[in-house]
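Colleague: Have a look at this one before I ask anything.
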Amino acid sequence: MANAAIKKARPKYLSLAALLFEIRLPLPAWVSILHRISGTLLFLGTVWLLFLLDRSLVSAAGFESVKAYASHPLVKIALLVLIWSYSHHFCAGIRFLFLDIHKGIDKETARVTSIIVIVAGLALTALFGARLL
């Protein structure tokens, strides 16, 4: 009977909410997660971009319809997300290439390069995204 009164600690299963709000991940982990997300967005966005390219090259009317479609605000936001995903994926990929040759592995350097990747990705997004307006 005495054993029944003692409760065992239940295992904690991770959920998305726990990952986002309860567990504090280091900055290099966020860069790695965003690298995977940006790669997925690029993979899926390529189909859409190739469809738009095909439509624009068929005829002059097709080009005008794609031009009108691309002027819609939601499409501009989607294109801006694709620009961010390319910029971040490119910058993080260079960082990971350096990690593969064992450069920047120590904790402080990894944190600094993670900050550089995030800032460079956002700066490139602002630079190329300004052309959308």
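The values are calculated or read from the model by the stated rules, or taken from the named source; none is laboratory data. These numbers come from a predicted model, not from an experiment. With ideal geometry, Cβ positions are generated from the backbone for all residues, glycine too; neighbour counts draw on all protein chains shown. We work out accessible area using only protein heavy atoms, side chains counted, and drop any ligands, DNA or RNA first. Shrake-Rupley method; radii C 1.70, N 1.55, O 1.52, S 1.80 Å.
Colleague: Filter region 44-71 down to residues that are touching a Leu at 6+ places or on another chain (Cβ under 8 Å) and farther than 19 Å from Leu82 by Cα, then give me how many there are.
Modeller: Taking region 44-71 and keeping what is touching a Leu at 6+ places or on another chain (Cβ under 8 Å), we get 45, 49, 63, 66, 69-70.
Narrowing further to those that are farther than 19 Å from Leu82 by Cα: 63.
So the count comes out to 1.
Colleague: Another one. Hey, can you tell me all the residues within region 99-131 that are surrounded by 15 or more Cβ atoms within 10 Å (Cβ to Cβ), within 30 Å of Pro73 (Cβ to Cβ) and small (Gly, Ala, Ser)?
Modeller: Ala120, Gly121, Gly129
Colleague: Residue by residue through region 84-98, note down the ones that are open to solvent by 40 Å² or more (accessible area, probe 1.4 Å) and either under 19 Å from the mean Cα position of the chain (by Cα) or among the small types (Gly, Ala, Ser) (or both). Don't jump to the end; show me each part of the working.
Modeller: Keep residues of region 84-98 that are open to solvent by 40 Å² or more (accessible area, probe 1.4 Å), which gives 84, 86, 89-90, 94, 96-98.
Once the filter is applied, which keeps residues that are open to solvent by 40 Å² or more (accessible area, probe 1.4 Å) and either under 19 Å from the mean Cα position of the chain (by Cα) or among the small types (Gly, Ala, Ser) (or both), region 84-98 yields Trp84, Tyr86, His89, Phe90, Ile94, Phe96, Leu97.
Colleague: Moving on to the next point. Looking at Leu74, Leu49, Leu80, can you tell me which residue is of a type in the set (A, V, I, L, M, F, W, C) and over 27 Å from Ser32 (Cα atoms)?
Modeller: Working: Leu49 fails: over 27 Å from Ser32 (Cα atoms); Leu80 fails: over 27 Å from Ser32 (Cα atoms).
Testing whether each residue is of a type in the set (A, V, I, L, M, F, W, C) and over 27 Å from Ser32 (Cα atoms) leaves just Leu74.
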